[in-house]
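The values are calculated or read from the model by the stated rules, or taken from the named source; none is laboratory data. Not measured: the values here are computed from a predicted model. Don't worry about glycine lacking a Cβ; one is built from the backbone with ideal geometry, like all the others, and counts go over all protein chains shown.
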Amino acid sequence: MILDSKIPAGPLAEKWTKHKFTSKLVNPANKRKYDVIVVGTGLAGASAAASLAELGYNVKAFCFQDSPRRAHSIAAQGGINAAKNYQNDGDSIFRLFYDTVKGGDYRAREGNVYRLAEVSVKIIDQCVAQGVPFAREYGGLLANRSFGGAQVSRTFYARGQTGQQLLLGAYSALSRQVANGKVKLCPRTEMMDLVVIDGHAKGIVTRNLITGAVETHAAHAVLLCTGGYGNVFFLSTNAMGSNVTAAWRAHKRGAYFANPCFTQIHPTCIPVSGDHQSKLTLMSESLRNDGRVWVPATKEIAEKLRKGQIKANDIKEDDRDYFLERKYPSFGNLVPRDVASRNAKYVCDEGLGVNETGEAVFLDFRDAIKRDTRQVIEQKYGNLFEMYKQITGENPYEMPMMIYPAVHYTMGGLWVDYNLMTTVPGLYALGEANFSEHGANRLGASALMQGLADGYFVAPYTVGDYLAQLAPKKVDDTHPEFDRVKKEVEQRIATLLGINGNKTVDYFHKKLGKIMWDQCGMARSEQGLKGAKADIQALKKEFWSNVKVLGTNEELNQTLEKANRVADFLELGELMVDDALNRNESCGGHFREEYQTPEGEALRDDENFAYVAAWKYLGEGQEEELVKEELVYENVKLTQRSYK
Ligand SMILES: Cc1cc2nc3c(=O)[nH]c(=O)nc-3n(C[C@H](O)[C@H](O)[C@H](O)COP(=O)(O)OP(=O)(O)OC[C@H]3O[C@@H](n4cnc5c(N)ncnc54)[C@H](O)[C@@H]3O)c2cc1C
């Protein structure tokens, strides 16, 4: 199959406008004749469901939490980008586009990224209209702060709770449509599979997480807004429930999976504290606006620190190495995440780490407090400081924070074209679930922007274009394919419950996570990846013969839920390794040790790898087929990224 990204022809700045005009429309009176399923009610899903219902379509929205308000999106702290140029500091749509393409190390599509930058300005207006309490300047204008990979301030924020406030806005819009009867909300319901009839997505099979009932739902189109798969690493900053199941089952029904190995490892997380930990905590990137990252200048001082003989504040200025400011004077502490993470790893690998395990660097606000006063810092980051103190027991106003990189976001996801449609007609992927705009590294504050762009401003047009081409005939689940897929789901559940082995689901998840972190994490090598592939295959075999899932299907059974998800992570993990093995270059967060510049930066190979790697599922036990979408750059020049 040739992958057609369907990027409209013509000048970059006119593509989206032209595309909207040439997209087909559904007559207002006919909209009520179409049913749309939206799986996921985080920022991408809630905004899409609300917008489609507002247009007049009948929407059924699903989530596994008890309320859309608990989607992982609520965890987003730092902010949301938009090219408003309120600061008058030189921002523009083109600059946001350029920063995003460059930040993604030239592995994203120009057309999609430009559209994202273009609609970014509308998102802010929409959210303000919903009452989202963005921070404001004294004069009333919305305030901005800086995020990594940009030299302008374009990040809008609501203290350290931006995701929560945006989600409350989207949830209000969604609730309005629930009250209007246009959205039927199905919480505590997990999508288990996709139903494809005559090559088109026609519905889903779900499991009610309270009763265990397996049910079928039909629609004219299905939108997956199911978030990212960072939890394949077991430890990540993602919500514990985040998983790949919906996307993975769709993949097995024909949706290609793109760039699965592109993972974002965020530089500022609270370091791992021990083997019994099940979750990592992010300290928002916004902290790098004022916090300075450093390690001791010598191993001897670092050693004393680790042994508890001295404290951070005992280390003299000359004995500190502000390594990001030293190496990247123009971007300093605000280099993109992949660059900051790699450098933190380098200094820790050299023996300069500052905690007991040697895997931490300092993030220090001493100078910012001296300059701006504690009160100002508290106003900006108070809740983040409080969170740090509660978790670590240290007071970050007095002692520098300790941070280390952790898995945070997945740039890979279901392959989608310009319309956000997957390779299965009628099946869309929005938000973190798709692969679209961030290339090999996402810039901070751009995920919320993308999720809301997809949901509020892109899908309402492109889904309409697809529906307009279908007859407005009623759909139902009487086609035998619904029953067939439902039986497969029931059989899988029965198999998991019947294995009755002697290892917990977490045992397998942790083992998988360790393989992924060690071999497909911050640094990857051919040898390590080959070993990882064999290890994952063996682990998968053991899982299906030795996992113990207690309880029954007909009850709230979190072990069963988790077993289902871990089974999919095991398959995804292998594909991530295949993808990393195939990509014989380094780019963004994908760092193959064999391919680096003399300074240790990612060394791309544009001649051979300027493509999206889309993987096609060919059947159980078979290697997946690689299908390439060549990336064409007409508006930016591919160069070695430099933040010096
Ligand atoms: C700690 C943290 C802080 C962050 N801070 C920022 C930030 O400041 N700025 C920024 O831009 N980005 C940030 N991000 C990234 C951003 O939060 C996410 O990328 C974004 O919120 C994802 O939104 P989403 O709507 O795509 O998915 P999610 O919010 O993850 O929602 C997924 C939805 O899908 C549902 N779902 C999943 N699978 C199924 C299934 N099988 N069946 C039914 N329902 C299902 C869930 O119930 C949920 O409703 C942060 C991420 C983390 C981890």
- In segment 420-436, what residues are more than 8 Å from the ligand (Cβ to nearest atom) and modelled with pLDDT of 95 or more? Leu420, Met421, Thr422, Thr423, Val424, Pro425, Gly426, Leu427, Tyr428, Ala429, Asn434, Phe435
- A careful count of residues in segment 603-644 that are under 20 Å from Met576 (Cα atoms), free of Cβ contacts under 8 Å to residues at least 60 places away in the same chain and hydroxyl-bearing (Ser, Thr, Tyr) gives 1
- Message: Only one of Ser286, Ser278 is loosely packed, with under 14 Cβ neighbours inside 10 Å and within 15 Å of the ligand (Cβ to nearest atom). Can you tell me which?
- Response: Ser278
- Residue in segment 256-275 that is nearest to the ligand (Cβ to nearest atom), counting only those that are over 25 Å from Tyr106 (Cβ atoms) and part of a loop (DSSP other than H, G, I, E, B): Ile270
- Those residues of segment 204-223 that are assigned to a loop (DSSP other than H, G, I, E, B) and farther than 25 Å from Leu52 by Cβ come to a total of 4
- When you look at Val489, is it more than 18 Å from the chain's Cα centre (by Cα), part of a helix (DSSP H, G or I), in contact (Cβ under 8 Å) with a residue 24 or more places away in the chain and under 28 Å from Arg32 (Cα atoms), yes or no? no
- Message: Looking at Gly444 and the list (1) within 11 Å of the ligand (Cβ to nearest atom); (2) more than 20 Å from Gly148 (Cα to Cα); (3) in contact with a helix residue (DSSP H, G or I) (Cβ under 6 Å, 6 or more places away or on another chain), which single condition is not satisfied?
- Response: (2)
- Message: Just the residues that are in contact (Cβ under 8 Å) with a residue 40 or more places away in the chain and under 21 Å from Pro336 (Cβ atoms), please, taken from segment 580-598.
- Response: Ala580, Arg583, Cys587, Gly588, Gly589, His590, Phe591, Arg592, Glu593, Thr597
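Conditions tested, residue by residue: (1) in contact with a strand residue (DSSP E or B) (Cβ under 6 Å, 6 or more places away or on another chain); (2) over 29 Å from Ala613 (Cβ atoms); (3) of a type in the set (S, T, N, Q).
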{"site": "Lys6", "(1), (2), (3)": "no, no, no"}
{"site": "Leu12", "(1), (2), (3)": "no, no, no"}
{"site": "Lys24", "(1), (2), (3)": "no, yes, no"}
{"site": "Lys33", "(1), (2), (3)": "no, yes, no"}
{"site": "Gly42", "(1), (2), (3)": "no, no, no"}
{"site": "Val59", "(1), (2), (3)": "yes, yes, no"}
- Query: Tell me, which residue of segment 224-248 that is in a loop (DSSP other than H, G, I, E, B) and more than 9 Å from the ligand (Cβ to nearest atom) is nearest to Val407 (Cα to Cα)?
  - Reply: Leu235
- Message: Give me the helices (runs of 4 or more DSSP H) completely within segment 358-470, filtered to those with at least 3 residues that are without any contact (Cβ under 8 Å) to a residue 40 or more places away in the chain, ordered by residue number.
- Response: 366-372, 374-392
- Item | Selection status of Ala170, over 23 Å from Ala258 (Cα atoms) and crowded, with 21+ Cβ neighbours inside 10 Å | yes
- Gly600 is checked against (1) at pLDDT below 95; (2) touching a Leu at 6+ places or on another chain (Cβ under 9 Å) and fails just one. What number does that condition carry? (2)
- Selected residue [more than 32 Å from the chain's Cα centre (by Cα), within 19 Å of Tyr388 (Cβ to Cβ) and more than 16 Å from the ligand (Cβ to nearest atom)] from Lys311, Lys316: Lys311
- Task: Working only within segment 67-96, note down all residues that are in a loop (DSSP other than H, G, I, E, B), in contact with a Ser or Thr (Cβ under 8 Å, 6 or more places away or on another chain) and within 13 Å of the ligand (Cβ to nearest atom).
- Result: Ala71, Ala76, Gln77, Gly78, Gly79, Ala82
